[in-house]
Amino acid sequence: MIPRNVFNWKKHALDNFEELFSNDTVRDYQDKLKFKDAEVSELHKKIGELTVNLDWLKKKLEKLDLSQREALIELSLKSTSAYKTLTERRKEK
């Protein structure tokens, strides 16, 4: 660290010491923290739901035979532009 940077930091901290620990600043920080905690909690909940859905789909997929899996892949590919391009190229040949 450069001594000048330490000096500037210390001067800034001492000049703003009262504001740094004022009730409004602490309250604002606590409000932001509560909001972030709620947001993280919601995201964890969503991750849990998606994990359950994924596990369920994996189990269902394992029970399908090869022709059923191929049909699902074909169905999902039909909605993509890559599939449309491939079918158009096949028609041209």
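How big is the gap, in Å, between the Cα center of the stretch 59-93 and the Cα center of the stretch 1-41?
The two parts, judged by their Cα centres, are 55 Å apart.
Suppose each label sits 7 Å from its Cα in the direction of the beta carbon; what would the Lys78-Thr25 distance come out to in nanometres?
Each label point lies 7 Å from its Cα, and together they span 6.3 nm.
Ignoring solvent entirely, what values of log10 I(q)/I(0) come out of the Debye formula for the chain at 0.18 Å⁻¹ when each Cα is a single scatterer?
-1.01
Quick one: helix 66-78 against the long Cα principal axis of the chain, what's the angle to the nearest 10°, folded into 0 to 90?
With rounding to tens, the tilt is 60 degrees.
Mind pulling the angle between the C-alpha long axis of helix 23-63 and the longest principal axis of the chain? Nearest 10 degrees, somewhere in 0 to 90.
20
Hey, rough spin-label estimate for Lys34 and Leu50, points 7 angstrom out along Cα→Cβ, what's it come to in nanometres?
Calculated label separation equals 2.8 nm.
Reachable aspartates and glutamates from Lys84, Cα under 16 Å, same-chain residues fewer than 8 places away excluded?
Within the straight-line limit of under 16 Å, Lys84 reaches these aspartates and glutamates: Glu74, Glu92.
Bear in mind that the values in this text are calculations on the coordinates, not laboratory data. Everything numeric in this text was worked out from a predicted model, so none of it was measured. With ideal geometry, Cβ positions are generated from the backbone for all residues, glycine too; neighbour counts draw on all protein chains shown.
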